[in-house]
Amino acid sequence: MEAAGRFAVGEENAVIAHDLRVSVRSVQRWRRTWAQDGPRALASKGPASLPLLSDELFAVLEQELAKGPVAHGWPDQTWTLSRIKTLIGRRFHESYTVQGVAALLKRHGWSCQVPARRAVERDDAAVASWGKETWPSVEGPWRCSGPGSSPRTRLDSR
């Protein structure tokens, strides 16, 4: 609409393009439309495409996500953009890119995050047992005092 006002006072396309940070071709196209149909023809017609999932379908997707990845056949409890993309394809027969899934989630208030809880499969008793029994044998002594244990010690090859 700013361009329409500037067309009316006779400004050049290149100046308008520079000021509005668009291409000269875009300004030429706008000027032609303005000359034929007036300033109302330059009003925005909205986004070039509508989202593939409506708000109602996104609510269904949220219910599916709440079930967790294991319920949908993945081996662990981690949702990734790629997995969500696959879920959308399976459930709604719509094709998104990974970047499109990220934009969809962001548009609905979701954010990337790491789970704050521990894995369901974790066995605290096994972890404690390994730390007491296995780790000391793996770790070994801190210092060896035998011959050749220091990098400065040289073995005689007599």
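Brief remarks on what is shown
- Label sites at residue 93 and residue 129, each approximated as a point 7 angstrom past Cα along Cα to Cβ, lie 5.1 nm apart.
- Straight-distance crosslink candidates among lysines, where the alpha carbon sits under 27 Å from residue 85 and sequence neighbours closer than 8 are dropped: 67, 106
- Of the trypsin sites (Lys or Arg not before Pro) found in the stretch 58-137, those that fall in a DSSP loop while having at most 15 other beta-carbon atoms within 10 Å are 117, 118, 122.
- Estimated from the Cβ-Cβ distance and a Förster radius of 30 angstrom, the FRET efficiency linking residue 64 and residue 118 is about 0.80.
- Placing unit charges on the Cβ atoms of the charged side chains and taking the dipole of the stretch 1-112 about its Cα centre, the candidate lying farthest along the positive direction among 28, 95, 108 is 28.
- Summing Cβ point charges (Lys, Arg +1; Asp, Glu -1) relative to the Cα centre of the stretch 9-115 gives a dipole of roughly 240 debye.
- Cα radius of gyration and Dmax for the stretch 47-136 (Å): 18.0, 64
- Taking label positions 7 Å along the Cα-Cβ direction at both residue 36 and residue 102, the computed distance is 3.9 nm, reported to one decimal.
Just so you know, all these numbers are worked out from the coordinates, no wet-lab data involved. These numbers were taken from a predicted model, which means no experiment stands behind them. For neighbour counting, all protein chains shown are included, and Cβ atoms are generated from backbone atoms with ideal geometry for every residue, glycine included.
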